[in-house]
Amino acid sequence: MSDLRDPAPYDALLLLSFGGPEGPDDVVPFLENVTRDRGIPTERLKEVGQHYFLFGGVSPINDQNRALLDALRKDFADHALDLPVYWGNRNWAPYLTDTLREMTEAGHRRVAVLATSAYASYSGCRQYRENLADAIAALEAEGLRPPRVDKLRHYFNHPGFVRPMIEGVLASLAELPEEIRAGAHLAFTTHSVPTAAADTSGPEEEHGEGGAYVRQHLEVARLVAGAVRDETGIEHPWELVYQSRSGAPHIPWLEPDICDHLQTLHDTGAPAAVMVPIGFVSDHMEVLYDLDTEATAKAAELGLPVRRSATVGADPRFAAAVRDLLLERAASERGIDAERCALGTLGASHDLCPVGCCPARNRRPAAAGADSPYA
């Protein structure tokens with residue numbers, strides 16, 4: 001095996017995700033995990049849980065992670081990469097601490113971590129790092145010696161993440177009637193976050209209006225829209241919009257909301273729209289409810305033809321991208337320069353989150369960063 005195909009120093013990969021309920025009885029306990037320490041009453045959680053109850057109390061995210069695990073293991077085997085792949089969640093089984101305990105007991109000493117969030121933000125990066133630190137601390141309190149964990153870099157502009165989304169848009173456009181297809185608008189959607197959190201996302205030098213969170217999403221939207229133009233010869237108007245707001249009304253969050261945007265498109269005479277969920281790795285509940293149910297119903301009310309393009313999910317090209325990220329980081333840890341694949345102008349993201357990157361709401365230890373106590 002050449003130096004650039006060697007996973008050392010890593011002896012395992014951990015897929016780290018959000019988690020979701022897998023039955024009606026799981027919904028409220030899951031939401032209690034998500035909102036822990038916020039003092040939200042159970043009755044309010046039952047109201048929020050109605051989105052899940054519409055789908056039998058089951059979030060699709062866990063099955064989608066199982067499919068991604070299968071894709072990763074197949075890709076690794078096909079490329080003679082002998083590295084076990086584990087899976088742990090922040091908010092539901094398999095819980096991160098339990099998975100990290102299993103990895104510790106199996107003798108793993110250095111673990112690469114892939115989070116199912118492609119962009120810089122507190123909730124999409126640092127919070128995962130805080131959860132890793134919590135799990136490490138819990139295992140140390142049990143007298144165990146957990147492995148070192150290194151989070152792989154943000155992959156929003158990796159071709160293995162972007163190309164499947166481009167093809168998803170092309171497929172959705174092809175589903176629209178030919179007479180309205182050329183005028184269809186592209187609505188690139190991602191999870192809304194408080195503007196204060198967006199403004200401080202990414203390293204300190206990238207802080208400002210929207211921070212790295214907005215900048216990275218705009219880059220992906222430009223990449224996808226540009227590729228669609230190049231492959232169809234048609235310049236489709238596009239905008240970055242937001243969905244899934246969940247905060248108090250008096251706190252500013254990123255706007256416009258997807259439903260408000262659909263109203264604007266209708267009012268200004270747009271003939272059709274394609275909703276492109278670039279902020280999501282797979283079709284989990286925010287996609288299934290907020291886009292496929294709520295936004296689609298809004299479009300039907302308006303008489304605006306819409307389609308929703310596919311997320312990356314377990315696409316083999318995404319699995320190959322994860323292998324690429326892993327081997328790139330492994331080479332770097334061994335002091336070898338390796339090609340860092342990235343489309344567009346922003347370049348490849350940092351390996352190690354610097355001090356001040358996506359600062360915490362409340363100061364807490366975080367693993368896999370320059371400020372980590374677990375280096």
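Throughout, read-outs are computed from the coordinates displayed, never taken from laboratory work. Owing to the predicted nature of the structure, the values given are computational and were not obtained by experimental measurement. Cβ placement follows ideal geometry from the backbone for every residue including glycine, while neighbour counts extend to all protein chains displayed.
Exposure proxy ranking for H79, H154, H261, based on other Cβ atoms within 10 angstrom of each Cβ and starting from the fewest, stands as H79, H261, H154. Taken about its Cα centre, the range 314-354 carries a charge dipole of about 60 debye when Lys and Arg each add +1 at the Cβ and Asp and Glu each add -1 at the Cβ. Ordering M165, V149, A338 by the projection of their Cα atoms onto the charge dipole of the chain, which places +1 on the Cβ of Lys and Arg and -1 on the Cβ of Asp and Glu, puts V149 at the extreme positive end.
When the inverse distances between all different Cα atoms of the chain are averaged and flipped, the Kirkwood radius reads 21.5 angstrom. Around the Cα centre of the chain, unit charges on the Cβ atoms of Lys, Arg, Asp and Glu (plus for the first two, minus for the last two) sum to a dipole of about 700 debye.
As a length-normalised measure over Cα pairs under 8 Å and 6 or more apart, the relative contact order of the chain settles at 24 percent. Excluding same-chain neighbours fewer than eight residues apart, the lysines reachable from K151 by a Cα-Cα span under 25 Å are K74. Considered as an equivalent ellipsoid built on the Cα gyration tensor, the range 159-308 has semi-axes of 25, 19, 13 Å, the largest given first.
Computed over the chain with a Gaussian network model linking Cα atoms closer than 10 Å, the most mobile of G124, G211, G269 is G269.
Per-residue Cβ neighbour counts within 10 Å put C358, C259, C341 in the sequence C341, C259, C358, beginning with the fewest. Computed over the range 291-369, the percent of Cα pairs more than 19 Å apart is 65. Of the residues V281, I251, A212, the one whose Cα sits farthest towards the positive end of the charge dipole of the range 159-308 is V281 (charges of +1 on Lys and Arg Cβ, -1 on Asp and Glu Cβ, taken about the Cα centre). Stokes-Einstein diffusion for the range 214-253, with the hydrodynamic radius set to the Kirkwood value over Cα pairs and evaluated at 37 °C in a medium of 0.692 mPa s, equals 269 µm²/s. Listing K46, K298, K151 from fewest to most neighbouring C-beta atoms within 10 Å gives K46, K298, K151.
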